[in-house]
Every structure is written in structure tokens, then in C-alpha cells.
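A.B. asks: The structure's right below; bear with me while I get my questions together.
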Amino acid sequence: MEPSELPETAALRAYSEQLQQKFSQMVEQAPALVEKARAVQVTEKSKDGLVTVTVGPRGDLVRLDLDPRIYRRPDSRELADTITATVQKAIGKARDQVVETFESIIPPEQMRATVEGDLDGMLGAMNQQIQGR
């Protein structure tokens with residue numbers, strides 16, 4: 001820190017240097033990590049074993065398999081709830097895998113906020129870095 005520099009300026013300078021280092025690291029590692037993240041697929045089975053779903057890295061439904069035994073219990077609301085819960089569980093696991101994939105270059109809380117579209121979380125993580133916390 002230069003003698004005439006305010007603490008906030010020094011923190012911003014340090015953060016800027018960190019960003020430059022991270023950017024260089026990202027440029028080097030990102031292509032392989034992006035390919036790995038794009039390949040993420042999570043398959044999850046419902047508690048009753050009648051519903052199996054596979055989702056991609058963005059939570060997009062790739063495959064849905066319904067065991068023929070579902071027709072023995074013709075409760076469409078229960079089936080819909082089971083499918084929804086199973087898809088949500090798979091999406092959560094896919095997000096976790098994407099966050100883990102980028103862990104070497106992006107802090108997990110920042111990546112999770114990005115994956116979940118949480119603008120407040122992203123800005124909060126950046127603010128904490130600027131403040132040196």
C-alpha cells in the first residue's frame with residue numbers, strides 16, 4: 001500500500017490483482033472445465049423406485065423413465081409430485097457437480113450463485129472479496 005493510498009483503494013488494487021491472476025488461470029483451464037461441465041448428467045431414482053430421471057448440467061430433463069408398476073397406483077397427483085421431487089433432487093446434484101468442476105478457478109459460493117442465477121449472491125461474494133473477507 002502506498003502511503004497516500006486509502007485502505008479501500010488498497011483493497012481494490014489487491015482484488016484487481018487477484019482477478020488478473022484468476023483470469024489467467026481461467027483462460028488456461030476453462031476450456032477443459034467447460035467440456036467437463038457440459039458432460040455432466042445426473043440420474044436419480046425416486047424413493048419408491050418407480051421414477052428415474054436424468055438431467056443435464058443446466059437441470060434440463062434428458063430422460064424420464066417410468067416403471068410400468070406406476071399403473072397399479074393411478075394417483076396422477078402423487079405421480080406428478082414424485083416426478084417433480086425426483087427431478088429437483090437430480091438438478092441439485094447436477095448443480096453440485098458443476099460447482100465442483102469449477103472449484104479450482106471459481107470460489108464455490110460464487111459459482112453456486114452463478115449457476116442458480118442468484119445476482120445478490122454473486123454481488124455479495126464479490127463484495128466480500130473486495131472487503132478482504
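Only the coordinates and a few stated rules stand behind these numbers; no lab work does. Just so it is clear, the model here is predicted, and its values are computed rather than measured. A quick note on method: Cβ atoms are made from the backbone with ideal geometry, for glycine too, and the neighbour counts reach across all protein chains shown.
A.B. asks: Could you check which residue among Ala90, Ala113, Ala37 shows the biggest mean-square fluctuation in a GNM of the chain with a 10 Å Cα cutoff?
C.D. replies: Ala113
A.B. asks: I need the trypsin sites (Lys or Arg not before Pro) found in region 1-84, filtered to DSSP loop residues with at most 13 other beta carbons within 10 Å of theirs.
C.D. replies: Lys47, Arg58
A.B. asks: Number of Lys-Lys pairs in the chain under 27 Å by Cα, sequence gap 8 or more or different chains?
C.D. replies: For the chain, qualifying lysine pairs total 9.
A.B. asks: Suppose the chain between Val27 and Arg63 were pulled fully straight at 0.36 nm per residue; how much longer would it get relative to their current alpha carbon spacing?
C.D. replies: Stretched out fully, the Val27 to Arg63 stretch lengthens by 9.6 nm.
A.B. asks: Right, next: Taking the number of other C-beta atoms within 10 Å as the exposure measure, put Val27, Val34 in order starting with the fewest.
C.D. replies: Taking fewest neighbouring Cβ atoms as first place, the list is Val27, Val34.
A.B. asks: Residues of region 79-121 with amide nitrogen under 19 Å from the 7 Å Cα-to-Cβ point of Tyr15?
C.D. replies: Within reach of a label on Tyr15: 106-114, 118-121.
A.B. asks: Starting from region 21-108, pick out the chymotrypsin sites (Phe, Trp or Tyr not before Pro) whose DSSP state is loop and whose Cβ has at most 14 other Cβ atoms within 10 Å.
C.D. replies: Qualifying residues, ordered by number: none.
A.B. asks: As a check on your grasp of the helix formula, calculate [θ] at 222 nm for the chain: sum -39500 (n - 2.57) over DSSP H runs of n ≥ 4, divide by the residue count, round to the nearest 500. Show your work: numbers first, answer last.
C.D. replies: Working: 4 runs with 79 residues, N = 133.
Using -39500 (n - 2.57) per qualifying helix, the result is -20500 deg cm²/dmol.
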